[in-house]
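Report on one structure; see the data block that follows.
The values are calculated or read from the model by the stated rules, or taken from the named source; none is laboratory data. Not measured: the values here are computed from a predicted model. Here Cβ is always computed from backbone atoms with ideal geometry, including for glycine, and neighbour counts include all displayed protein chains. Ligands, DNA and RNA are excluded from the accessible area calculation, which covers all protein heavy atoms including side chains. Shrake-Rupley method; radii C 1.70, N 1.55, O 1.52, S 1.80 Å.
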Amino acid sequence: GHKRAKGKELGFGSILKVDCVERTGKYIYFTIVTKDRKEIDFRCPDQSCWNASITMALIDFQNKRAIQDFKSRQEMEQAAGTQERRLARAP
């Protein structure tokens, strides 16, 4: 007769950082800070390493996004340069 709570999802795109890691004898406490500066606190067993896994996955996501943004900017700059050369040659 217990209702099960629906899980919530937090995408890496909305996470700013993992912060405030603290170890006690039994647990690791950490906070996820979202881009809108909201803080979500977590506690996990000391051996679980959730915070490290989340941090590493977040870094990987942010690195991939930075590379995509860089490539997009390069492509836009190249396209703008090509357009300028075409306009310079026009009679």
*Mind giving me the FRET efficiency for residue 42 and residue 78? R0 is 30 Å, r the Cβ-Cβ distance, nearest 0.05 is fine.*
0.10
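Calculate what fraction, in whole %, of the accessible area of the chain sits on carbon and sulfur atoms when a 1.4 Å probe is rolled over the protein chains.
Details: 4200 of 7930 Å².
Taking all protein chains in place, the chain shows 53 percent carbon and sulfur surface.
Ignoring trypsin sites (Lys or Arg not before Pro) that are buried or in helix or strand per DSSP, and keeping those with at most 14 other beta carbon atoms within 10 Å, what is the longest stretch of the chain between them? List each step's numbers first, then the result.
Numbers: sites that count: 3, 4, 6, 8, 26, 35, 37, 38.
Segment 39-91 is the longest.
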*Lys/Arg Cβ at +1, Asp/Glu Cβ at -1, dipole of segment 12-88 taken about the Cα centre: which of 28, 67, 81 is farthest positive-ward?*
81
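Only helical DSSP H runs with n ≥ 4 go in: add -39500 (n - 2.57) per run for the chain, normalise by residue count and round the 222 nm mean residue ellipticity to 500 deg cm²/dmol.
Details: 1 runs with 40 residues, N = 91.
Value at 222 nm, helices only: -16000 deg cm²/dmol.
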_Could you work out the relative contact order of the chain? I mean the mean sequence separation of Cα pairs under 8 Å and 6+ apart, divided by the number of residues, in percent._
19
*Across 10 Å bins from 0, what is the distribution of all Cα-Cα pair distances for the chain, in whole percents?*
14, 28, 23, 14, 10, 7, 3, 1, 0
_Filter on 8/35; 6/35; 3/64; 38/64; 38/71; 3/35 - keep pairs with C-alpha separation over 28 Å_ = 3/64; 38/71; 3/35
*Roughly what angle does helix 50-89 make with the longest principal axis of the chain, taking Cα atoms, 0 to 90 degrees, to the nearest 10?*
10
